[in-house]
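Read through the structure below, which is laid out as structure tokens, and then see the notes.
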Amino acid sequence: METKGAIMNKQSAEALTPFSPSLHANVQAIRNRFGGSCDLVIRLFSSDAAPERELAIIYVDGIVDSETINESIMEPLMSLKLPQYRYQKGGKLLDALRSCVVSIGSVQEINTMDEALLYMTDGLCIILADGCAAALTADVNGGSQRAVSIAQTQTVIRGPQYGFVENIRTNISLIRRIIRSPDLHVQMHKIGKQTHSNVAVLYLHGIVNEGILKEVYRRLAAIDIDGVLESGYIEEFIQDETFTLFPTLLNTERPDSVAAALLEGRIAVLVDGTPIALMAPTTFFSFFQSPEDYYQRYDIASFVRIIRYVAYIVSMLLPALYIAVTTYHQEMLPTTLLISLAAQREGIPFPGLVEALLMEMTFEVLREAGLRMPRAIGPAISIVGALVLGQSAVQAGIVSAGMVIVVSFTAISNFVMPEFNMAATSRIIRFGFMLMAGMLGFFGIFVSVLFMLIHLTSLRSFGVPYMSPLAPGPTRQGLFRDVFIRLPWWAIVLRPLDMNLRNPKRRPNGKKPPAQRHTDKP
Amino acid sequence: MEEQRQITVIQTAAILVSTIIGVGVLPLPLFAVRAGESAAPLVTLFGMAVASIGLVLITWLGMRFSNKTIIQYSEDIIGKWAARLGSLLIIVFFAVLTSLTAREFGEVVVTSVLKSTPVEVTVIVMLLLAAISTRNTITTFAYIHHFYFPLLLVPILLIAFLSFKNAEVINLQPIFGNDLKGIMMGTMTIAALFQGSFILTMVIPSMRKPEKAMLASFWGMLIAGGLYLLIVVAAVSVFGAEEIKNLLWPTLELAKATSLPANILERLDAAVLAVWVTAVFTTLLSSYFFTIYAITQLFRLADHKMFSFFLLPFVFIMAMLPQNIVQMYDIIENVGRIGLYITIGYPGLLFMISILRKKRGNQNGDESMDKIG
């Protein structure tokens, strides 16, 4: 799984330090390089295999599995009783150790100090021998990590419950267990001058668009940063457009979402140290699709999906529409409703816009407070939010009851979105709409909506138009079967993205396999 | 260069419809009724026929020279300097058209919804929106039109069908009207409302299959003309010819008179006007885009983006020149009639000369453009 090639390529530009033939010189150099760090374990010993020559095992404590080291390296090496085994001077000793002694799956020989340092910080163990200007690495990656557990941020009622963890190897294995095909290719990159974080690119060979894949590699290779702590770092480097409120990469902590994306011909990017994976290319509409849409029956899924679209529009526009109607277009409302609204607003000192901004800001503050504070004081926030700001503000005559309803409904609508980053977009845009509504009424709202839509149509995600298949229109029949509604699985013939996949078809045709009605009769 | 030749037939038709349908729909029944009273639908039909002639001419020309825009092939047909004069006229005309569209819609908004907002604000907002959007390529331009197409159809159909509740067939009789001479004059005014279709001359060179341009223009004209006719019939049958003469924007009055079933919203005019921003925007975008695209080609530049903001002050000042609504509509009618010479007469002339001189643009494909151009 390790990409030796990638490391070598990165290093080859700089001058590499070769090993010295003297074991003690090598050990001393490594110790110095680590600045005498206490978690560096250096074990010098001699083996029966080569009694006259000293050996050394070096690893970083805590990121390796000490039990494996003991069982598979130390024990065989120290208890080796193979007098018939012949070796010659020089590098041959290492060859002999590799082929006959060390019982670890992934072992290889390296020649430079720089590689050794990199591998050691990556959780590998280095075996050095006196008189050899080379070393063996053994993959003994281990140490404590969080166990695979329930996905916290994207929950479903029906469907697999587990989520990614922080370890990239575990995460890749989770996906491998879903897609059991050699066509699932995994390419590992190291990004970050200091962190040397593992970044894996996953795709399904034979389906993915090679051009887009190359573009992903190109953008990843161009990243030059000291550290990558989360996939958000990568996302901001490889997204198409920085100055947009709309996310152009999907993220998820669910292995089944990643597997689904791979099957759709997308490319997934996993980053070591975070349970959040990235998926690209993406369209606007994929942010409205929850994994559960595909597990529940298609009619329920379609209904819920329509609700999501409506809720998104509501969460963006409702306060703005309320401001526009109460400020400029009172004549639109039916008379009874108008009178009731006017009566509510009678004692309110502020114009509609100020009232709305006040309440929206209050809600955003409450929401952020709820997110950041320790769990123990949660109820306090609900009391302050619900009672003090809701009821009392109305009773005190600072805001109208109608406004409170509007703000609450807007807030609830925002929670419907399955993707947090897309939901956050509407929270920000909402303020722009409110300002325009306060200045220019419906005209202002629609001018801003137009502006937003123009912006959306001009966005691209790795070359795929963001609003496809709606704009530009679909290039093939049947692309709309999984956009606004979801048809039954047997009817979804095409992979959803309009992006010249190598293999755009999921199924041979859109027909349901025939079912026998009377199964009990012969 | 990679984005060349991506526009489909449907997108072309959508461009035509959304360019033709714009702020002109609001006073449309008034123009038609002024000319022919109860023969207003007939006037609209005639206007549509005249406009179709112009559209057929430019489609033919476009298909004959399927790699070039009118700015480029006119140089092949009538020579460099005569063609440059023609192109200059076209550019000026479309710049004026852009400014008048923006002003007209600005007046509508200020008069009917935002009563205390200065007209300059609404005009500059619309122009800015158009200017920013013209910075895209012609393919994105087509996407935008295609995308907004439904937003344009729904309100018109909604108003028309909801208002048929109050329609009186008697208002439409006699269908031939009483004044033949007036019908002829009115035909020209209505035909002028279809001038947006001239954008086709810019779109054909980017079409995936230019040979299908005629199909696109047929559908474009049919849908746009059909909607025009629907609005005129609805307005005349609801209000009657005499009443419409007193209304400045009968279509908007139609929206005021209709209400949604179940009393959800009592009046629709503010909402309709808001949605109408889309329709006006697409028209504005087309004429603005046409203007800067034509300038770019006239000066043989590669990038049209630099002109989008350069042109803005000129268009804005032109939009502010008319003193009031009455003067503005006088100008609009006159400019429209003069425009017919440019959008129908000039292509007609080009077409005849190209047949007489047996000029075609397609034989040697792209190379001919470099040699002659």
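Membrane-span-like helices in chain A (whole DSSP H runs, Cα extent of at least 18 Å along the helix axis, mean Kyte-Doolittle hydropathy of at least 0.0): A:298-327, A:352-372, A:401-415, A:420-458. As a proxy for reagent exposure, ranking A:S181, B:S112 by other Cβ atoms within 10 Å from fewest up yields A:S181, B:S112.
The per residue volume of the convex hull around the alpha-carbon atoms of region A:298-464 is 153 Å³.
Taken about its Cα centre, the protein assembly as shown carries a charge dipole of roughly 2360 debye when the Cβ of each Lys and Arg holds +1 and the Cβ of each Asp and Glu holds -1. Look at B:K165, A:K190, B:K68, B:K212 and count the other Cβ atoms within 10 Å of each Cβ; fewest to most, that gives B:K165, B:K212, A:K190, B:K68.
The fewest-to-most ranking of A:T121, A:T326, A:T112, A:T242 by surrounding Cβ atoms within 10 Å reads A:T242, A:T121, A:T112, A:T326. Placing unit charges on the Cβ atoms of the charged side chains and taking the dipole of region A:365-522 about its Cα centre, the candidate lying farthest along the positive direction among A:P469, A:P513, A:V384 is A:P513. For the segment A:449-461, counting C-beta atoms of other chains within 10 Å of every residue's C-beta and taking the mean gives 5. Label-to-label distance for A:R507 and A:S181 is 1.6 nm, based on points extended 7 Å past Cα in the beta-carbon direction.
May I ask you to give the average projected area over all directions of the convex hull of the Cα atoms of region A:15-139, in nm² rounded to one decimal? Mind dumping the intermediate values first?
Numbers: hull surface 28.0 nm².
About 7.0 nm², averaged over all directions.
Between B:E168 and A:A342, the simple spin-label model (points 7 angstrom out along Cα→Cβ) gives 3.2 nm.
Spatial offset of region B:39-104 relative to region A:164-190 amounts to 59 Å, using the alpha carbon center of each.
May I have the convex hull volume per residue, in Å³, for the Cα set of the protein assembly as shown? If you can, show how the numbers build up before the last one.
Values: hull volume 235.4 nm³, N = 895.
Considering the Cα atoms of the protein assembly as shown, their hull volume per residue is 263 Å³.
In the elastic network of chain B, a GNM with C-alpha springs shorter than 10 Å, the most mobile of B:L229, B:L248, B:L260 is B:L260. Applying 0.36 nm per residue to the separation of A:R31 and A:R53 and subtracting their alpha-carbon distance, the gain on full extension is 5.9 nm.
With contacts taken as Cα pairs under 8 Å at a separation of at least 6 residues, region A:186-282 carries a relative contact order of 33 percent. Measuring gaps between exposed loop sites in chain A (GluC sites (Glu not before Pro); DSSP loop; at most 16 other Cβ atoms within 10 Å), the longest gap, sites not included, is A:347-522. A Förster distance of 60 Å, applied to the separation of the beta-carbon atoms of B:K305 and A:A401, puts the FRET efficiency at 0.75.
Can you classify region A:186-282 as rounded, prolate or oblate using the Cα gyration tensor, where a ≥ b ≥ c are the square roots of its eigenvalues, rounded means a/c under 1.5, and otherwise it's prolate if a/b beats b/c and oblate if not? It is rounded, given that a/c, with a ≥ b ≥ c, falls under 1.5. Each part gets one Cα centre, and for region A:488-522 versus region A:351-403 those centres are 49 Å apart. Residue by residue along B:267-273, Cβ atoms of other protein chains within 10 Å of the local Cβ number 5 on average. At the listed q of 0.12, 0.18, 0.20, 0.24 Å⁻¹, the Debye profile of region A:392-485, built from one uniform point per Cα, gives log10 I(q)/I(0) equal to -0.58, -1.07, -1.19, -1.28. For chain B, the extents of the C-alpha atoms along the principal axes are 63, 42, 38 Å, listed from largest to smallest. Net charge dipole, chain B: roughly 1000 debye, given to the nearest 20, about the Cα centre with Cβ charges of +1 for Lys and Arg and -1 for Asp and Glu.
Run the helix sum for chain A: -39,500 (n - 2.57) per DSSP H stretch of 4+ residues, divided by residue count, reported at 222 nm to the nearest 500 deg cm²/dmol. Spell out each step's value before the answer.
Details: 15 runs with 200 residues, N = 522.
Computed mean residue ellipticity for chain A: -12000 deg cm²/dmol.
Under a Gaussian network description of chain B, with springs only between Cα atoms under 10 Å, the residue in B:A102, B:A83, B:A274 that fluctuates furthest is B:A274.
How would region B:52-152 be classified by its alpha-carbon gyration tensor: rounded, prolate or oblate, with rounded meaning a/c under 1.5 and the a/b versus b/c comparison settling the rest? The partial results should precede the final answer.
Numbers: a/c = 2.51, a/b = 1.87, b/c = 1.34.
Prolate shape, in that a/c is at least 1.5 and a/b is the bigger ratio.
Distance between the 7 Å Cα→Cβ label points at A:F303 and B:K245: 5.8 nm. So what does log10 I(q)/I(0) come out to for chain A at q = 0.05, 0.06 Å⁻¹, using the Debye formula with one equal point on every Cα and no solvent? So the normalised log intensities work out to -0.31, -0.43.
Every number in this text was worked out from the coordinates using simple rules, so none of it is lab data. Please read all numbers here as calculations on a predicted model, not as lab measurements. Positions of Cβ are backbone-derived with ideal geometry, glycine not excepted, and every protein chain shown enters the neighbour counts.
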